Amino acid sequence: MEQVASKPLQGKRVAMLMTDGVEQIEYTSPRSFLEEQGATVVLLAPKAAGDEVQGFHHMQPADRFRVEMNVGDARPADFDGLVLPGGVANPDQLRMSREAIDFIRDFDAEDKMVAAICHGPWTLIDAGIATGKHVTSWPSLKRDLTNAGAEWTDEPVVLDARLLTSRKPDDLPMFNDMMLKELLVAPGTDPGPTS
């Protein structure tokens, strides 16, 4: 019984969708946190399983990460949550991938948590799920998101229904904590807007 209490996300599966140019800490911090809480995390990319994604620390190349599943082979029904890390080049490339955008759109339609940080919310525009939502992001995305019909605010973490957004790496502790809370909410349950 104690083990279950210490691993609240045991049995949950979370997809992390990214490609080259991802801000490394926005992948490694949420992944480590979710795995420590008992979740199974799967790295999805518009690349073949076994290929690698190049991480960055700001503008400097950092580590490489092995793709665990091609996003075209992934089904939203097989996951409880979706995380979209940032980095400038990563979401910019994902926006050009029909399979990635379709996966994000289809995931949102399942009424499960979608969590995007920093530049990650860019993809929400192409997936058509930013309109009418209260969001935050890296400040340079403010105009893009508001032009897409979102209400943008400069807060560390914003939750609107099942959409969770955050601004930058400094916000990761709050972002991770909010993901934990959201992953414990059953699909179809609206926790209400929070920020």
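The values are calculated or read from the model by the stated rules, or taken from the named source; none is laboratory data. This structure is a prediction, so every number in the text was calculated from the model and none was measured. A quick note on method: Cβ atoms are made from the backbone with ideal geometry, for glycine too, and the neighbour counts reach across all protein chains shown. SASA here: full protein model, heavy atoms, side chains in, ligands and nucleic acids out. Shrake-Rupley method; radii C 1.70, N 1.55, O 1.52, S 1.80 Å.
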So if I place +1 on the C-beta of Lys and Arg and -1 on the C-beta of Asp and Glu, and nothing else carries charge, what would the dipole magnitude of the chain be about its Cα centre? I want it in debye, nearest 20. 80 debye
Taking Cα pairs closer than 8 Å and at least 6 residues apart, the relative contact order of the chain in percent is 19 percent
Neighbours of A74 by Cβ distance under 11 Å: Lys/Arg at +1, Asp/Glu at -1, summed charge -4
Using the per-residue mean of other Cβ atoms lying within 10 Å as a proxy for protection, in what order, highest first, do the peptides 28-36, 52-60 fall? 28-36, 52-60
Compute the distance from the alpha-carbon center of the range 60-77 to that of the range 97-116, in whole Å. 15 Å
Taking the Cα centre of the range 66-163 as the origin and placing charges on Cβ (Lys, Arg +1; Asp, Glu -1), which of W138, L163, A77 is farthest toward the positive end of the dipole? W138
Have a look at the DSSP beta bridges in the chain and tell me what percent are antiparallel, nearest 5. 30 percent
Based only on Cα atoms, what Rg/Rh ratio does the range 76-165 have, Rh being taken as Kirkwood's radius? 0.92
Determine, from the Cβ-Cβ distance of R75 and V185 and an R0 of 30 Å, the FRET efficiency 1/(1 + (r/R0)^6), rounded to the nearest 0.05. 0.90
Given springs between every Cα pair under 10 Å in a Gaussian network model of the chain, which of L163, L180, L124 has the largest fluctuation? L180
For A39, the residues 5 or more places away or on another chain with a placed amide H closer than 5 Å to its own amide H are L9
Once you've got the GNM for the chain with C-alpha springs shorter than 10 Å, pick whichever of D160, D78, D108 has the biggest mean-square fluctuation. D78
After finding the eigenvalues of the alpha carbon gyration tensor for the range 20-130, what semi-axes result from the square roots of 5 times each, listed largest first in whole Å? 19, 16, 14
In nanometres, the difference between 0.36 nm per residue of separation and the alpha-carbon distance of D170 and R66 is 34.9 nm
Surpassing 25 Å at the alpha-carbon level, of the pairs K142/K168; K47/K133; K47/K142; K133/K181; K12/K142, are K47/K133; K47/K142; K12/K142
Rg(Cα) / (2.2 N^0.38 Å) computed for the chain, rounded to two decimals: 0.93
Residues of the range 1-77: accessible area per residue at 1.4 Å, in Å²? 51 Å²
